[in-house]
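Questions regarding the structure given below will be posed in turn.
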Amino acid sequence: MIYCSNPKAQFLTYKKKIYKKIHKVINSGHYILGEELSLLEKEFAKFIGTKYAIGVANGTDAIEIALRSLGISYGDEVITVSHTAVATVAAIEAVGAKAVLVDIEEEYFTLDFKELNKAITKKTKAIIPVHLYGQAANMQEINKFAKSNNLYVVEDVSQAHGARLDRKKLGSIGDIGCFSCYPTKNLGALGDAGLITTNSFKIYKKIKILREYGWKIRNKSEIPGRNSRLDEIQAAILRIKLKKLDIDNKKRIIISNYYNKSLFKKFIIPKIRKKSLNVFHLYVIRVKNRKKIINFFKLKKIFLGIHYPIPIHMQPAYKNSVRTIGNMNITESLSKQILSLPIYPELSLSIVKKIINLLLNFK
């Protein structure tokens, strides 16, 4: 069977190194906030090109803690997109702020900066651009708008580890970068994990306090904090995979090139932003008969995905609490047509070619 993503295949690639590292951590007797996490934080900061990186429990916590570090709370508003994982908005609501959702660019599937001026109010404190599917949002325009309106920019980089824009790694362009290291991500743990990046020493110190009960020194809470610690085993696994992340991303790009060359005439494919490197966490096309294609591929034991079938503003949990700007036509249209094809570093090109042929011959 061929899955849309396959974290087990990547585990098998690094199995010997992972087993060895896990054994070392277990024998160390130090399982939380130890040497492995400290080294990961230094190595990840260097990889992204920021001064600091902080490990947390997961990607949702990364966004929530990032917002808390900026003082965003009840009565504040944060602008983001509806075409994203629920986690982006869940984190905004977790700090007591209100999510204000704007439509996306039809060509790139990321936040449409032209909508920002319609969304801003006196309550707006930050923008969360989501670098979706491995694709960079238009950070130049978003940062320009944020700067002119005294807003923070918190990048959601959960699907774009290693992606670049204008030679800068995503996660180093805004005030804060937030990463999920869920097992299916480009940099994935064998459980939940998250990372936060920043160039601000003040923000860095605040995040470190927030992730562990508000402690500056043990057992003394200076501010209300959280328990959101990235454990030593997951940190060790991420260190192994980080060393090969650029290589694994190149494998994703090779697969995407095969898809691009063969499918562009028959299907709508998002464009790649100029001066950017898309690392293809997902490879997504737009189709008119999605359900039939999915069922057809199931018969061939190939499982396609949908990321995401229900926009946030149409989710039962959020439709009465978020504010939308405009008619959200692109987001709603896209949600009915998007289809994610299998893509991960271990996927063989022979399988890729088989998927392409099945799509081209599907009627």
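Six or more apart or on different chains, Cβ atoms under 8 Å: show the pairs whose first residue is in the stretch 138-164 and closer than 21 Å to His83 by Cα and whose second is charged (D, E, K, R) and surrounded by 24 or more Cβ atoms within 10 Å (Cβ to Cβ).
From the stretch 138-164, the pairs are Met139/Glu155.
State all residues of the stretch 257-268 that are crowded, with 16+ Cβ neighbours inside 10 Å and either part of a loop (DSSP other than H, G, I, E, B) or polar (S, T, N, Q) (or both); if no residue qualifies, say none.
Selection gives Ser262, Phe267.
A quick yes/no check of all residues on (1) free of Cβ contacts under 8 Å to residues at least 24 places away in the same chain; (2) outside any strand (DSSP E or B); (3) not acidic (Asp, Glu):
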{"residue": "Lys288", "(1), (2), (3)": "no, yes, yes"}
{"residue": "Phe296", "(1), (2), (3)": "no, yes, yes"}
{"residue": "His307", "(1), (2), (3)": "no, yes, yes"}
{"residue": "Tyr318", "(1), (2), (3)": "no, yes, yes"}
{"residue": "Thr331", "(1), (2), (3)": "no, yes, yes"}
{"residue": "Glu346", "(1), (2), (3)": "no, yes, no"}
{"residue": "Lys353", "(1), (2), (3)": "no, yes, yes"}
{"residue": "Lys363", "(1), (2), (3)": "yes, yes, yes"}
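Scan the strands (runs of 3 or more DSSP E) fully inside the stretch 1-113 and keep the ones with 1 or more residues being of a type in the set (A, V, I, L, M), modelled with pLDDT of 95 or more and under 23 Å from Ile237 (Cβ atoms). Explain how you work it out, then say what you get.
Details: elements: 52-56, 77-81, 98-102.
Those strands (runs of 3 or more DSSP E) span 52-56.
For (1) closer than 28 Å to Gly96 by Cα; (2) surrounded by 15 or more Cβ atoms within 10 Å (Cβ to Cβ), each residue gets a yes or a no:
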position	(1), (2)
Gln10	no, yes
Tyr19	no, no
Ser28	no, no
Ser38	no, no
Asn58	yes, yes
Ile65	yes, yes
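Please go through the stretch 280-325 and pick out each residue that is β-branched (Val, Ile, Thr) and touching an Asp or Glu at 6+ places or on another chain (Cβ under 9 Å). So that I can check it myself, show each step before the final result.
From the stretch 280-325, those β-branched (Val, Ile, Thr) are 284-285, 287, 293-294, 302, 306, 310, 312, 322, 324-325; that's our starting set.
Within the stretch 280-325, Val322, Thr324, Ile325 qualify.
Can you pull out every residue in the stretch 114-132 that is assigned to a helix (DSSP H, G or I), surrounded by fewer than 23 Cβ atoms within 10 Å (Cβ to Cβ) and in contact (Cβ under 8 Å) with a residue 40 or more places away in the chain?
Glu115, Lys118, Ala119
Pull up the stretch 153-175, narrow it to residues that are within 11 Å of the chain's Cα centre (by Cα) and part of a strand (DSSP E or B), then point me to the one that is surrounded by the most Cβ atoms within 10 Å (Cβ to Cβ).
Out of the qualifying residues, it is Asp156.
Separate question: If I filter the stretch 83-99 for residues that are aliphatic (A, V, I, L, M) and under 23 Å from Lys168 (Cα atoms), do I get at least one hit?
Residues of the stretch 83-99 aliphatic (A, V, I, L, M): 85-87, 89-92, 94-95, 97, 99.
Now drop any that are not under 23 Å from Lys168 (Cα atoms), which leaves none.
No, because not a single residue in the stretch 83-99 is aliphatic (A, V, I, L, M) and under 23 Å from Lys168 (Cα atoms).
Here's something else I'd like to know. I'd like to check something: does the stretch 222-234 contain any residue that is in contact (Cβ under 8 Å) with a residue 24 or more places away in the chain and among the β-branched types (Val, Ile, Thr)?
Checking the stretch 222-234: at least one residue is in contact (Cβ under 8 Å) with a residue 24 or more places away in the chain and among the β-branched types (Val, Ile, Thr).
Also: For the stretch 254-311, which residues satisfy the criterion of being touching a Phe, Trp or Tyr at 6+ places or on another chain (Cβ under 8 Å) and among the aromatic types (Phe, Trp, Tyr)?
Residues satisfying the conditions are Tyr259, Phe280, Tyr283, Phe296, Phe297, Phe303.
Among the residues of the stretch 69-96, which ones are more than 17 Å from the chain's Cα centre (by Cα), buried (at least 24 other Cβ atoms within 10 Å of the Cβ) and not hydroxyl-bearing (Ser, Thr, Tyr)?
Val78
Which one is farthest from Lys292 (Cα to Cα) among residues in the stretch 333-344 that are polar (S, T, N, Q) and either in contact (Cβ under 8 Å) with a residue 24 or more places away in the chain or touching a His at 6+ places or on another chain (Cβ under 7 Å) (or both)? Steps first, answer last, please.
First, the residues of the stretch 333-344 that are polar (S, T, N, Q): 333, 335, 337, 340.
With the extra rule that they be either in contact (Cβ under 8 Å) with a residue 24 or more places away in the chain or touching a His at 6+ places or on another chain (Cβ under 7 Å) (or both), the set shrinks to 335, 337, 340.
On the way: Ser335: 16, Gln337: 12, Ser340: 14 Å.
Going through the qualifying residues, I end up with Ser335.
All but one of (1) of a type in the set (Asp, Glu); (2) over 19 Å from the mean Cα position of the chain (by Cα); (3) farther than 18 Å from Glu43 by Cα hold for Asp231; which doesn't?
Among (1) of a type in the set (Asp, Glu); (2) over 19 Å from the mean Cα position of the chain (by Cα); (3) farther than 18 Å from Glu43 by Cα, Asp231 violates only (3).
The values are calculated or read from the model by the stated rules, or taken from the named source; none is laboratory data. Quick caveat, the model's predicted, so the values are computed rather than measured. Glycine also receives a Cβ, built like all others from the backbone with ideal geometry; neighbour counts cover every protein chain displayed.
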